[in-house]
Amino acid sequence: MTDTYVVQRSQTIHAAPEAVFERIADLREWDSWSPWADKDPNMATTYEGEPGAVGASSHWVGNRKVGEGRMTTTSIDAPSSMEIELEFVKPFKAQNQVELLVAPSPEGSEVTWRMTGRTTLMTKIMGIFKSMDDTVGPDFEIGLSKLKQLVEA
């Protein structure tokens, strides 16, 4: 088993990169397309920092399906990329790097959502039953599909 894992999904969205990036860069917009917002409609989220800027963060506390964690924007190159440090507190501690890439395509934009994390004892145990790709990948697909619907509306 490798030291790291990568979960990645992509989606074509029929809109200019700027329109897509607008929904991605501001963490306050994530609840409108995040698959985890649907898993706990009562999730409490607080925000800090300037929206759409490096250092902006969101902290959530939710049910057992979403747990508790924090996302902090570490890099923005509008309208093509955004990097986030993702820290899970509950149900288990983990730190991951998230990249959202928006590339022009003939149809509008190709959006890629990628998460990289360290393979820990917990992810090894979970991997016996289901890989991180099988666990998180479908959520990425749902989120990208919701983002597509939102931006194309």
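The values are calculated or read from the model by the stated rules, or taken from the named source; none is laboratory data. These numbers were taken from a predicted model, which means no experiment stands behind them. Here the Cβ is made from the backbone with ideal geometry for all residues, glycine too, and neighbour counts use every protein chain on show. Just the protein is used for accessible areas: all its heavy atoms, side chains included, with ligands, DNA and RNA removed. Shrake-Rupley method; radii C 1.70, N 1.55, O 1.52, S 1.80 Å.
Computed over Cα pairs, the Kirkwood radius of the chain leads via Stokes-Einstein (0.890 mPa s, 25 °C) to a diffusion coefficient of 155 µm² per second. Placing unit charges on each Cβ (+1 for Lys and Arg, -1 for Asp and Glu) gives the chain a dipole about its Cα centre, and among ALA44, SER105, LEU144 the Cα reaching farthest toward its positive end belongs to ALA44. How much of the pair distance distribution for region 1-65 lies past 14 Å, counting alpha-carbon pairs only, in percent? Cα-Cα pairs of region 1-65 separated by over 14 Å account for 68 percent. So what's the net charge close to GLU107: Lys and Arg +1, Asp and Glu -1, counting the other residues with Cβ under 15 Å from its Cβ? Charge balance in the 15 Å sphere: -1.
On a per residue basis, the chain carries 54 Å² of accessible surface, using protein heavy atoms and a 1.4 Å probe. What range in the chain is the longest one free of trypsin sites (Lys or Arg not before Pro) that are in a loop by DSSP and have at most 10 other Cβ atoms within 10 angstrom? Excluding the exposed sites themselves, the longest stretch runs over 65-129.
Using Cβ point charges alone (K and R +1, D and E -1), the dipole size of the chain about the Cα centre works out to roughly 720 debye. Solvent-accessible area assigned to carbon and sulfur over the chain amounts to 52 percent, based on a 1.4 Å probe. Evaluated over the chain, the count of Lys pairs having alpha-carbon atoms less than 22 Å apart is 15 (only pairs 8 or more residues apart or interchain).
Over the residues of the chain, the helix contribution to mean residue ellipticity at 222 nm works out to -8500 deg cm²/dmol, using -39500 (n - 2.57) for each DSSP H run of at least 4.
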